[in-house]
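I have placed the structure first, in the form of structure tokens, so that the comments after it can refer back to it.
Throughout, read-outs are computed from the coordinates displayed, never taken from laboratory work. Just so you know, these numbers come straight off a predicted model, no measurement behind them. Cβ placement follows ideal geometry from the backbone for every residue including glycine, while neighbour counts extend to all protein chains displayed.
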Amino acid sequence: MLHQRLHQPLADTVLYHYCSADTLLAILQSKSIRMSDANMMNDYAEGRYGYGVFEEAASEILKDELTQKVFPDFNVEFFDKVDEVVSGLQLSLHPVIASFSKKPDVLSQWFRYADRGRGFALGLDANILLDMPATLVEIEYDRAIQINEARETLAGIFMRNKTESLNYGRAFRDDCAVFATMLLSFKSSGFREEEEVRLIHLLDVTNDDDRPRLKDEGGIVRKRKVKGQQVEYRVTDGAFIAYIDLPFPPKSEKSLAKQIWFGPKNENAFGNVLYFASENRWKVGAFHNSEVTFR
């Protein structure tokens, strides 16, 4: 299921967060990463894309004559039950994400996410990111692989519900919720060069006096309780976007920042950032200038 998409870093894996100078300053000062509403990312079809994979995978299963002959109850009714959970989750859980790339010096990344080349790419130790109350997933861009993984996962949910007599109960709904999270790791092939690894955290949708609100309940990491953060809002290009600033693990600033890359139009000297980072107790492993050339 979701384990297929989990990012499994090696001991020296570094992931890069492309950002503006203002964002880098905020990260270093606050020792946190901003997790923003997954429905408001640069890909306008962000949420709908994964749901489309679910629909196509279900359609293929329903058209598979052998599967339908052997498992006649692997049918529309089953997929309607899955859909009830997947579609209904937006009324109870709301995903926020932070995006990273496997590569530190990609022109399109500088242009889209780092102030048109004037910003930075902050290289973080991927293993330390695993110690945050969020799930680190690797994005898949190949549609055929996406459909295959979705089919395998749906088959697993079906067989477990059938053989363990779950009767579409709590365990079934939990499996479907994990499947819904898995769908967030699928993107269009047009974004392939980003080589994205995504940090996903789920906010709760609460209802106070008939006033729906987003609330962060935190989480548990390696038996350590992590408190929730205040949900804030910002306006970008006229859109209201929910976010939280998720703190990095305690005392990680001495080993978390492995590299900082300066964009191709970044006019800062290394020392400008080094002194500021040190002032905020960060120890940066190395500084690099982009090798990309563009005006």
Quiz item: For segment 111-190, what is the convex hull (Cα atoms) projected area averaged across all directions, in square nanometres?
Solution: 7.6 nm²
Practice problem: Calculate the length of the line joining the C-alpha centroid of segment 265-295 to that of segment 195-215, in whole Å. | Solution: 34 Å
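Counting other Cβ atoms within 10 Å, keep those with at most 15, restrict to DSSP loop, and tell me which chymotrypsin sites (Phe, Trp or Tyr not before Pro) in segment 1-99 are left.
Of the chymotrypsin sites (Phe, Trp or Tyr not before Pro), the ones in loops of segment 1-99 whose Cβ has at most 15 other Cβ atoms within 10 Å are TYR44.
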Quiz item: For LYS215, which lysines qualify as cross-link partners when the Cα separation must be under 22 Å and same-chain residues fewer than eight apart are set aside?
Solution: LYS31, LYS223, LYS225, LYS227
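So for the chain, averaging the separation of alpha carbon pairs under 8 Å that are six or more residues apart and normalising by length, what relative contact order in percent results? Spell out each step's value before the answer.
Working: 499 pairs, mean separation 86.3, N = 295.
Relative contact order, the chain: 29 percent.
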Practice problem: May I ask for the angle, rounded to the nearest 10°, between helix 46-63 and the longest principal axis of the chain, with both axes built from Cα atoms and the value confined to 0 to 90°? | Solution: 30 degrees
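Can you give the translational diffusion coefficient of the chain in µm²/s, computed by Stokes-Einstein from the Kirkwood radius over Cα pairs at 10 °C and 1.306 mPa s?
Numbers: Rh = 20.7 Å.
In µm²/s, the coefficient rounds to 77.
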Quiz item: Helix 270-279 sits at what angle to the longest principal axis of the chain, using alpha carbons and giving 0 to 90 degrees rounded to 10?
Solution: 70 degrees
